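None of the figures in this text is laboratory data; all of them are computed from the coordinates on show. This is a predicted model, so every value here is computed, not measured. As a convention, Cβ positions derive from the backbone with ideal geometry for all residues, glycine included, and neighbour counts pool all protein chains shown.
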């Protein structure tokens, strides 16, 4: 061994083959953190001092090559000035260039994932060979950044400008068939082939001049050969297309295209400086700060779930009570992710509806080529419909998903408890407190909430609700079942509406009050969609269901009093009384009808104005900023009250809850992160302006105390 660092090692063998291996000794995964960069610098010094080297192999001692940069370190980097960021990048790129400029052929052997900085290390080599199971990509735009260690420069020269634009802008992970097609890798070997031996064989051919490594290197470090017309079509067209797809809230994809375009005709080093400029431009945006916070939040939830479920036995057989859309969706999700499930209803029509829901979802996947007929049959075979409790003795987890009615739920829960043999029982309630239902059970320690969001197969969040008598073992089992179903669980303490619906209904209250003040609901939808929500609040209410929302307003209002009282005459109740339930029956705020392809489309319905006139005595206009503030303040404040009431432990859980459960704009990261970015002074001043609107706009004590102590919800990012 010529060099043996904490992360990188160098070994020159008797045949003149030098292996530069990354194998982080104190971690299960390779990442390019500050220690890895420092260690690589020493390894490069060693390589430059060696004699008799004929070729270099870049390899990994882990299951995956390199996952990328250490995102946790970006918290510190975001504090740097743009110039400091550019200097930092050049300090790394100048070291990377030393590998690329070695006076002999180089090859990278890619196993597992090589993402972001991991792929950029691979691009330093003259050629790349990969296992067919490997996946590569530059996902930086998903964090509001662009590649900063040569990704935009080298990809464009290796794969062509069009392909580089696609790879950088989309931030996808690519399989080896796609990577080989565009030239990102030069060879692919089967899973059973020894990758390093294959790389050594290929490097020997390069050393013997059987493969043109010098031509490959020259293309990689030279400007692109595009005439002005080609460059204009590629870069101007690409920038316009990417800008339209990404939207103004996400500048990184466009900055990536600009880095490629402006560096294309420059030398390698000058192009790297262009890339560094646009990296710094991206890194200093609120979007990058927010998206990194989202990434860190996701990692936090995964670690918390892993810790909670350590040593817990997997759920082997589940059951669902109630075969409606939600019940059928839960049964499908369980079966499709490998846990067989019973699905019980009180009549055959209900079971048919549940099975139809599962079959419909599988049919869509089959039509898109995502699964074959055998997989469809396996999933459907893992759902066992039943009208009786006779088979429940061998289940170890039961999800109750019947109608949102306390008396009915209590009756069903008491029935199923008598039929199971120590199984955990969970309710898929959206608003009813767990303790209110637990009184029906002999052993409430084995009872909790397991709140899925509709549609179950799409929405990633599951709220795990802990009642006052729920045991830690029950919570752990519920968290494990949610992760088995490939969902992200957040554990919350019991209250009406729990976390997500508790913060959602003050948002709806904001809409109700705006309509009462004469603001057109379509204008509110427009501004909130521009803010970043996937749909405006009126449209969202139609999707949720006006009947469901009306029921919940009464439950929520009863629990939280003045700050969530919607009033006797409010637009949600008036629409409900008019039997305008939203998408489910074709009319709510909007009217709905299928288009030519059968997709449901909304349109304006003038008749809704007659209903609105009962709630609003005037027509008025408000500035966009005021509309957004009036919608968001009650929601932000209720999120803080969830922290005050210890419904959840951290701002991260508040923010990830609204992101994963409601589609909160990722570019703003969540309610608490949004308040940090706006500044608590600004938030408090806005609240004072709208104090006349009622208790929902009253600033929580926690915010006032944080302002006094000059604190933020998040430090750093």
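Express in % the proportion of alpha carbon pairs of the stretch 20-74 at distances exceeding 13 Å. Percentage above 13 Å: 64. With respect to the chain, whose longest principal axis is taken over its alpha-carbon atoms, helix 521-531 is tilted by about 30°. Between residue 377 and residue 162, residue separation times 0.36 nm minus the direct Cα-Cα distance comes to 73.3 nm. Per-residue extension of 0.36 nm, minus the Cα-Cα distance of residue 681 and residue 104, leaves a gain of 201.7 nm for this segment.
All Cα-Cα distances of the stretch 200-305, cut into 5 Å bins from zero to the largest, leave 2, 11, 13, 14, 14, 12, 11, 10, 8, 4, 1 percent in each bin in turn. Between residue 442 and residue 418, the modelled label-to-label distance comes to 1.0 nm, taking each label 7 Å out from Cα in the direction of the beta carbon. Mean separation of Cα pairs under 8 Å and 6 or more residues apart, divided by the residue count, gives the chain a relative contact order of 9 percent. Applying 1/(1 + (r/R0)^6) with R0 = 51 Å to the Cβ-Cβ distance of residue 406 and residue 177 gives a FRET efficiency near 0.40. Against the chain, whose longest principal axis comes from its Cα atoms, helix 195-207 is set at around 40 degrees.
With distances taken between every two different alpha-carbon atoms, the stretch 315-494 has a Kirkwood hydrodynamic radius of 16.0 Å.
Computed per residue of the chain from DSSP H runs no shorter than four, each worth -39500 (n - 2.57), the mean residue ellipticity at 222 nm is -15000 deg cm²/dmol. The angle separating the long axis of helix 252-263 from the principal Cα axis of greatest extent in the chain is about 20 degrees.
Take every Cα pair under 8 Å whose residues are at least 6 apart in sequence, average their separation, divide by the length of the stretch 3-284, and the relative contact order is 18 percent. If the chain linking residue 231 and residue 712 were pulled fully straight, counting 0.36 nm for each residue of separation and taking away their Cα-Cα distance, it would gain 168.5 nm. Using only alpha carbon pairs under 8 Å that are at least six residues apart, calculate the relative contact order of the stretch 626-717 and give it in whole percent. In percent, rounded to a whole number, it is 32.
Label positions at residue 691 and residue 266, each projected 7 Å from the Cα along the C-beta direction, are separated by 5.4 nm.
Along the Cα-to-C-beta direction of residue 90, a point sits 7 Å from the Cα; which residues of the stretch 248-269 have their amide N less than 14 Å from that point? 269, by backbone N distance to the label point.
Here the stretch 236-252 and the stretch 521-579 have alpha carbon centers that stand 33 Å from each other.
At each listed q (0.16, 0.18, 0.19 Å⁻¹), what is the log10 of I(q)/I(0) that the Debye formula gives for the stretch 501-708 modelled as equal alpha-carbon point scatterers? The Debye formula, applied to the Cα set alone, gives -1.08, -1.35, -1.49. A Förster radius of 25 Å combined with the Cβ-Cβ distance from residue 27 to residue 1 puts the calculated FRET efficiency at roughly 0.80. If you model the stretch 505-624 as an ellipsoid using its alpha carbon gyration tensor, with each semi-axis the square root of five times an eigenvalue, the axes come out at 22, 17, 15 Å, biggest first.
The candidate values are (1) 30; (2) 37; (3) 21; the one derived from this structure for percent of Cα pairs over 46 Å apart carries the label (1).
On the principal axes of its alpha carbon atoms, the stretch 3-284 extends 55, 40, 34 Å, with the longest extent given first. For residue 554 and residue 522, FRET efficiency with R0 = 30 Å and r from the beta-carbon atoms, rounded to 0.05? The computed FRET efficiency comes out at 0.65. Which residues among the stretch 282-319 fall inside the zone where the amide N is under 20 Å from a point 7 Å beyond the Cα of residue 624, along Cα→Cβ? Within reach of a label on residue 624, which here means backbone N under 20 Å from a point 7 Å along Cα→Cβ, the stretch 282-319 contributes 285-288.
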